[in-house]
Each structure stands twice: as structure tokens, then as C-alpha cells.
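Written below as C-alpha cells is the structure these notes are about.
The values are calculated or read from the model by the stated rules, or taken from the named source; none is laboratory data. Computed from a predicted model, the values in this text were never measured in an experiment. Note: ideal-geometry Cβ built from the backbone for every residue, glycine included; neighbour counts use all protein chains shown.
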Amino acid sequence: MQNYATALREGFEAVRRNKILSLGHILRIQQELEQNNAGLRRLPGTTLKNAKTGATVYIPPQHPDQIEHLMHNFVLYINDDELSDVDPLIKMAIIHYQFESIHPFYDGNGRTGRIINILYLVCKDLLQLPVLYLSRYVVENKADYYRLLQHVRDTGEWEAWLLFMLKGVEETAKQTIEMVKSINLLMQQYKKRIRTDLPKIYSQDLLNNLFKHPYTKIEFVMKDLMLERKAAARYLNALADLGLLQ
């Protein structure tokens, strides 16, 4: 999860200024996710199989020259709006299908593809921050996701796939809005408790630290608040005694 967050953050910083998503950006995202320099697939033999039966359901392009050609075509389609005048959300769904069908990497294609979704919406000014976590929707609907991807490959019929992805954007957007509201409310509650019960240790930096990480530890508090280890430990113990941490 930490690698995913880092890859998403780096990708966001790369595209938010010039609104271009390059092949270099995509390679860097996959590198951060998988912590290797394997790059685009160079060796044949990659197949996609049914997780339950083991049967091969799809064989992506195998030759490295073809994979490289398709990826250059892929980034051209992303960035050149003259190639397609469809709505950006429709185009995002098409882009995701293209990427997963090229399957350009040995590992990390799914997560890389879902980060590309978010970054494309940033490029199109539909997101100001990369907060639309479509991975959850895909994981919760994994069977339909793979079935509909393959249906497009087998039949060339797009409607069911496009509707599936649009529904994912809608549901995820609603969930994200509610989550942001809940986090904001919880931050306000924590702020009031700490200021009231622990005024000597309260600071906005401490509050931010608690909500910056999925969990915190002494080293995080030392770094964010520029404290000695003993003081950072005392802060965390005091918050735990108050019931704000476990």
C-alpha cells in the first residue's frame, strides 16, 4: 500500500503541471510499485489465466517490438484529444481497457492501470487531487471486471464495460466525498479533545501527523514535530491514555 501511495503521489506531481502523461511516467509508476527496473516485457510467455480453473483466458501481445509500439500508440491516444472526441470519462474506460489488454509489464499491470485512470482525470481537470480510489471498486467487483474486459476482447462490444466503469466512478466519488467529510469531522473532534485535555502538547503539526499516516510511530512524530525521542514517546503515550490512539 505504501508503494502504491508513493507511486500515485509521484505520478500526480509529474502530470499536474503540464497535463501530459508520458511513457516515462508510466514506467516510473510501475517501477515504484514493484520496486524493480524490469520495464516493458521483453520475453514471451505471459498469459492471463482463470484464477479458479487455471485455464488461459487471454494471451496479450508477446513480441517486445509490438509491445513498445502499442505503448507509444497508447500514450499518443491519452494525450492527443484530436484522436477522439468522446467524453473524458468514456475515454478513461477505453484507456484502461487498452492498457490492461497490452499488459505491458511482467507485474503490477492492474495497479499501474488504476493509477493511470486517476492521472488521466487529473490531466483533464476532472480531479484536482488524486483522491478517487477506483481500486476498491475493482477489487469488490473483480469477477465482473475481468468478465467485461474479456467480453470486449471477444466481441468488440463496449457498452457493458463502459457502463461498469462509469458506475465505478460514480460510486467511488460518492464514497470519497463521505470519507473526506468523516475525516474532517474526526479531525475537528481530535483537535478539540487534545486542546482541552492535553494543551501542553497540542499543535496543528501533531494533529496533522495523526491523520497523515494510516498509523503513527515515534519516528514519525520526531520527524514531523522535530522532537527528541523521549518527548515523542511521551506525546504518543499521552494520546493513548486519552483513548485517541491504541
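Brief remarks follow.
- Taken together, the residues in segment 34-93 that are within 22 Å of the chain's Cα centre (by Cα) and of a type in the set (Val, Ile, Thr) amount to 3.
- Residue match in segment 63-77 (condition: out of contact with any Leu (no Cβ under 6 Å at 6 or more places or on another chain), more than 28 Å from Asp154 (Cα to Cα) and not in a loop (DSSP other than H, G, I, E, B)): no
- Filter result for the condition that a residue is surrounded by 14 or more Cβ atoms within 10 Å (Cβ to Cβ) and in contact with a Phe, Trp or Tyr (Cβ under 9 Å, 6 or more places away or on another chain), over Ala7, Ala14, Ala38: Ala38
- Against the list (1) at pLDDT below 95; (2) within 28 Å of Asp81 (Cα to Cα); (3) in contact with a helix residue (DSSP H, G or I) (Cβ under 6 Å, 6 or more places away or on another chain), the condition Arg9 fails is (3).
- In segment 215-238, the qualifying residues are those that are in contact with a Phe, Trp or Tyr (Cβ under 9 Å, 6 or more places away or on another chain) and either closer than 18 Å to Arg195 by Cβ or not assigned by TED's automatic domain parsing to the domain that holds Lys192 (or both), and the one that is surrounded by the most Cβ atoms within 10 Å (Cβ to Cβ) is Val221.
- Close Cβ contacts (under 7 Å, 6 or more residues apart or on different chains) running from residues in segment 221-246 that are under 17 Å from Asn208 (Cα atoms) to residues that are surrounded by 11 or more Cβ atoms within 10 Å (Cβ to Cβ) and charged (D, E, K, R) comprise Met222/Arg229; Asp224/Asp205; Leu225/Asp205; Leu244/Arg193.
- Residue within segment 48-58 that is free of Cβ contacts under 8 Å to residues at least 24 places away in the same chain and surrounded by 13 or more Cβ atoms within 10 Å (Cβ to Cβ) present: no
- Considering residues of segment 113-142 that are assigned to a loop (DSSP other than H, G, I, E, B) and of a type in the set (A, V, I, L, M, F, W, C) only, the residue surrounded by the fewest Cβ atoms within 10 Å (Cβ to Cβ): Leu129
- A residue that is over 23 Å from Met179 (Cβ atoms), touching a helix residue (DSSP H, G or I) at 6+ places or on another chain (Cβ under 7 Å) and either without any contact (Cβ under 8 Å) to a residue 12 or more places away in the chain or of a type in the set (S, T, N, Q) (or both) can be found somewhere in segment 146-155.
- Taking (1) modelled with pLDDT of 95 or more; (2) in a helix (DSSP H, G or I); (3) not charged (D, E, K, R) in turn, Gly110 satisfies each apart from (1).
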